[in-house]
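Notes for the one structure printed next.
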Amino acid sequence: MSTGKKIIVTGGAGFIGSHTVVELCKAGFHPVIVDDFSNSEPFIVERLNELCGTTLPFYECDCTDKNAFRKIFEKERPSGIIHFAACKAVGESVAQPLKYYHNNIGSLVVVLELMKDFGVNDLVFSSSCTVYGQPEQVPVSESSPSKQAMSPYGYTKVVCEQIIEDVIASGQALRCVLLRYFNPIGAHPSGRIGELPRGVPNNLIPYITQTAAGQRSSLTIHGNDYSTVDGTCIRDYIHVVDLADAHVKALEWIHSETDEPLREVFNVGTGKGETVLEVVNTFKKISGIDVPYTVGPRRSGDVEQIWASTEKVEQLLGWKARLSLADALRDAWNWQKQLKA
Ligand code: WQD
């Protein structure tokens, strides 16, 4: 079904994009990588060639540059797009909102314009559970209300979801799946690709692995006075390889549906919440390392607890997370260790 289908993967050298390239190849798609290396490294493309056993088409291109991106469409004539390319640091988005509005919204607009010009209809878009804000009820389902965005980054995801809806309402024959990711973690089990945070990591898992590797002296847990079992925040941590597979399932599902315009939203999480302390303790079990930590104040903008209802994605896409938190932490640690070597 997927044989020969050429899929442009924007942000294909990034954390989720690179793992998705591998899963696309495994499923018989032909990924075309587009990345400007603004938050990724060229060696990842080499590693992808190695993991996929072929030289993948690659273009260094900023997706907001319509003229440059148009040439890629002309040359490759894709049948679909997975649009990952975006800035994703919540704190940075507060300091530099225009960078986020320009890149995240601008690149989607360019993608949609080029899709229209070239008659390309199939799109998988990276959204985020951030659109739910602090939910009134957990788990959250796709019909849970979107909340006031907690940051410019979060607002770009809300706006992009709306843009896609408006474009379909205007008559463009889009067939689009929006995937609302929960907390993507882990790395490829081969240890060849993984997350490459620049500077001091904002996210929990890279902070833990860098502390375990001796690059940071101690983890700060952002608050332990929440109304949860141990006082620390709860998140739904999803292994990046499972998440990558959800994109393949989304593309296959789009093809199995009618030719009618389509816009469907799916949560992509495990359906299970873990506290920060549970993550630290699971890391100790898989690595034998007792990561030193102190408890600091709450981090502004953090929601207390959120995890996904996965009923819809299981039923329609036939996708379910297969890997555990322990698997993800083992793979993240394996990746971190080879980075240091
Ligand atoms: C997880 C938990 C922290 C670091 C962010 C984005 C979201 C998303 C995924 C993006 C929280 C705690 C963290 C530390 C800590 N999507 N923590 N000490 O904030 O849930 O989600 O990344 O692309 O949109 O907001 O993830 O990993 O930063 O935090 O205690 O040094 O770990 O308070 O409870 P978050 P995170």
> Which condition does ILE81 not pass, out of (1) touching a Leu at 6+ places or on another chain (Cβ under 6 Å); (2) surrounded by fewer than 17 Cβ atoms within 10 Å (Cβ to Cβ), if it passes all the others?
Replying inline: (2)
>> Quick test of your reading of the structure: SER300 fulfils all but one of (1) assigned to a helix (DSSP H, G or I); (2) within 27 Å of SER146 (Cβ to Cβ); (3) among the polar types (S, T, N, Q). Name the failing condition by number.
In response: (1)
>> Go through (1) within 16 Å of the ligand (Cβ to nearest atom); (2) more than 21 Å from ILE163 (Cα to Cα); (3) not basic (Lys, Arg) for GLU46 and report which single condition fails.
In response: (1)
>> Please verify whether ASP245 is buried (at least 23 other Cβ atoms within 10 Å of the Cβ), of a type in the set (D, E, K, R), more than 9 Å from the ligand (Cβ to nearest atom) and under 25 Å from LYS272 (Cα atoms), treating the condition exactly as stated.
In response: yes
> In the range 193-206, what count of residues is obtained for those that are within 27 Å of ASN49 (Cα to Cα), within 12 Å of the ligand (Cβ to nearest atom) and touching a residue at least 60 places away in the same chain (Cβ under 8 Å)?
Replying inline: 3
> Do you know which of the residues in the range 207-221 that are out of contact with any helix residue (DSSP H, G or I) (no Cβ under 6 Å at 6 or more places or on another chain) and of a type outside the set (Gly, Ala, Ser) is farthest from the ligand (Cβ to nearest atom)?
Replying inline: GLN215
> Regarding GLY199, is this residue in contact with a strand residue (DSSP E or B) (Cβ under 7 Å, 6 or more places away or on another chain), small (Gly, Ala, Ser) and surrounded by fewer than 19 Cβ atoms within 10 Å (Cβ to Cβ)?
Replying inline: no
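Here is a yes/no grid of residues against (1) in a helix (DSSP H, G or I); (2) out of contact with any Cys (no Cβ under 8 Å at 6 or more places or on another chain); (3) touching a residue at least 12 places away in the same chain (Cβ under 8 Å); (4) within 15 Å of the ligand (Cβ to nearest atom):
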residue: PRO135; (1), (2), (3), (4): no, yes, yes, yes
residue: MET150; (1), (2), (3), (4): no, yes, yes, yes
residue: LYS157; (1), (2), (3), (4): yes, yes, yes, yes
residue: ALA173; (1), (2), (3), (4): no, yes, yes, no
residue: LEU178; (1), (2), (3), (4): no, yes, yes, yes
> If you go through the range 275-314, how many residues are more than 30 Å from LEU179 (Cα to Cα), crowded, with 18+ Cβ neighbours inside 10 Å and in contact with an Asp or Glu (Cβ under 8 Å, 6 or more places away or on another chain)?
Replying inline: 0
>> Just checking, does the range 205-228 include any residue being assigned to a strand (DSSP E or B) and of a type in the set (Phe, Trp, Tyr)?
In response: no
> Is it true that some residue in the range 251-263 is away from the ligand (no atom under 13 Å from the Cβ), within 26 Å of ILE306 (Cα to Cα) and in contact (Cβ under 8 Å) with a residue 60 or more places away in the chain?
Replying inline: yes
>> With the structure loaded, tell me whether ALA187 is in contact with a Phe, Trp or Tyr (Cβ under 6 Å, 6 or more places away or on another chain), at pLDDT below 95 and either on the phi > 0 side of the Ramachandran plot or not β-branched (Val, Ile, Thr) (or both) or whether it fails that test.
In response: no
> How many residues does the range 159-171 hold that are of a type in the set (D, E, K, R) and more than 16 Å from the ligand (Cβ to nearest atom)?
Replying inline: 2
> Within the range 303-325, which residues are within 16 Å of the ligand (Cβ to nearest atom) and part of a helix (DSSP H, G or I)?
Replying inline: LEU325
>> I'd like the residue in the range 229-269 that is part of a loop (DSSP other than H, G, I, E, B) and touching a Gly at 6+ places or on another chain (Cβ under 9 Å) and, out of all such residues, is farthest from GLN336 (Cα to Cα).
In response: PRO261
>> For the range 252-263, which positions are in contact with a strand residue (DSSP E or B) (Cβ under 6 Å, 6 or more places away or on another chain) and buried (at least 18 other Cβ atoms within 10 Å of the Cβ)?
In response: ILE254, LEU262
> Tell me, which strands (runs of 3 or more DSSP E) lie completely within the range 25-116 with 3 or more residues that are out of contact with any Ser or Thr (no Cβ under 8 Å at 6 or more places or on another chain)?
Replying inline: 30-35, 58-60
> Restricting attention to the range 73-87, does a residue exist that is more than 27 Å from THR130 (Cβ to Cβ), at pLDDT 95 or above and among the hydrophobic types (A, V, I, L, M, F, W, C)?
Replying inline: yes
> Under the condition of being within 12 Å of the ligand (Cβ to nearest atom) and crowded, with 20+ Cβ neighbours inside 10 Å, which residue from the range 222-239 is nearest to VAL295 (Cα to Cα)?
Replying inline: THR232
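The values are calculated or read from the model by the stated rules, or taken from the named source; none is laboratory data. Everything quoted here is computed from the prediction, not taken from an experiment. A quick note on method: Cβ atoms are made from the backbone with ideal geometry, for glycine too, and the neighbour counts reach across all protein chains shown.
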